[in-house]
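Engineer: The structure that follows is given in the form of structure tokens.
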Amino acid sequence: MGYTISGTYVADCSCEVLCPCPVDGTPSGPQNQCWGAAVFHIAEGGLGDTDLCGVDFGLVNHFPANITAGNWTMEVFVGEGASDDQVKAVERILSGQEGGPFAEFAPLISDFKGITRASVSFSDGDKASASIAGVGDLSIDAFMGGDGTPTTVKNAMFGFAQEFRVGRSSGKADILGRTVDLRYAESAEFVYSSEAGSDVHVRA
């Protein structure tokens with residue numbers, strides 16, 4: 001069928017800054033584990049004939065060790081305004097059923113909690129922010145380099161984008177039954193596709 005979606009995301013987690021997960025390091029969150037949440041706003045694209053423009057979806061995760069060790073727990077939330085067809089399309093993409101980069105995740109997930117509707121919001125202003133009802137509010141206070149532009153990480157072993165802004169978060173979130181302090185944050189524009197050239201990847 002084929003898909004291409006593009007937009008912007010913001011992700012927060014319980015790791016100390018900077019989160020070591022993008023370089024396959026041991027998480028620096030409580031008990032050396034990572035509890036995280038991310039919200040993605042799809043600005044353009046779709047799966048087959050299903051238009052996904054304007055759909056917001058959230059992910060929550062638990063990584064008990066480094067990324068490539070697997071044994072992940074994941075849960076997906078799709079914004080309440082999405083149609084049934086859009087929810088099904090997001091599920092097929094994120095579960096890896098439609099191939100592409102998300103198919104690389106599938107062998108690493110041992111406990112997929114499913115996909116549900118929820119109030120999911122995203123704002124891409126001066127400071128990207130988002131929320132998932134029942135989980136919490138996400139934000140990024142980006143680090144700035146000496147030239148006045150945001151500090152970025154590029155070509156990480158694991159990433160939702162080839163290059164992403166990094167910074168701090170604050171507040172708390174309820175992730176998979178655990179309340180955690182959010183410390184690390186990242187944000188970037190993304191392009192994901194069933195064809196080659198997508199931004200998201202896991203490189204063992």
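The values are calculated or read from the model by the stated rules, or taken from the named source; none is laboratory data. Note that the structure is a prediction, hence the values are computed from the model and not measured. No Cβ is skipped: glycine too gets one built from the backbone with ideal geometry, and neighbour counts run over all protein chains shown. When the accessible area is computed, the model is the full protein with side chains, heavy atoms only, and any ligands, DNA or RNA have been set aside. Shrake-Rupley method; radii C 1.70, N 1.55, O 1.52, S 1.80 Å.
Engineer: For each cysteine in the chain, check whether another cysteine's C-beta sits under 4.7 Å from its C-beta; list those where none does.
Structural biologist: 13, 21, 34, 53
Engineer: Rounded, prolate or oblate: which one fits the chain, using the alpha carbon gyration tensor with axes a ≥ b ≥ c (rounded when a/c is under 1.5, else prolate when a/b beats b/c, else oblate)? Can you show the working numbers first?
Structural biologist: On the way: a/c = 1.33, a/b = 1.27, b/c = 1.05.
The shape class here is rounded.
Engineer: Given Cα pairs under 8 Å that are at least 6 residues apart, what percent is the relative contact order of the chain? Write down the numbers at each step before the final one.
Structural biologist: On the way: 557 pairs, mean separation 52.9, N = 204.
Relative CO of the chain lands at 26 percent.
Engineer: Kindly express, to the nearest 10 degrees and within the range 0 to 90, the angle between helix 84-94's C-alpha long axis and the longest C-alpha principal axis of the chain.
Structural biologist: 50 degrees
Engineer: I've got another one for you. At residue 179 and residue 69, where each label point lies 7 Å from the Cα along Cα→Cβ, what is the point-to-point distance in nanometres?
Structural biologist: Using points 7 Å along Cα→Cβ, the separation is 2.7 nm.
Engineer: Now for a different question. Output the peptides 167-177, 127-137 sorted from most to least packed, where packing is the average of other Cβ atoms within 10 Å over each peptide's residues.
Structural biologist: Working: 167-177: 16.9, 127-137: 19.8.
Ranking the peptides 167-177, 127-137 by packing returns 127-137, 167-177.
Engineer: Report, by chain and number, residues whose modeled amide H sits under 5 Å from the one on residue 52, excluding near sequence neighbours (fewer than 5 apart, same chain).
Structural biologist: 45, 46, 47
Engineer: Accessible area of the chain with a 1.4 Å probe: how many percent of it is carbon plus sulfur?
Structural biologist: On the way: 4100 of 8860 Å².
Carbon with sulfur: 46 percent of the solvent-accessible area.
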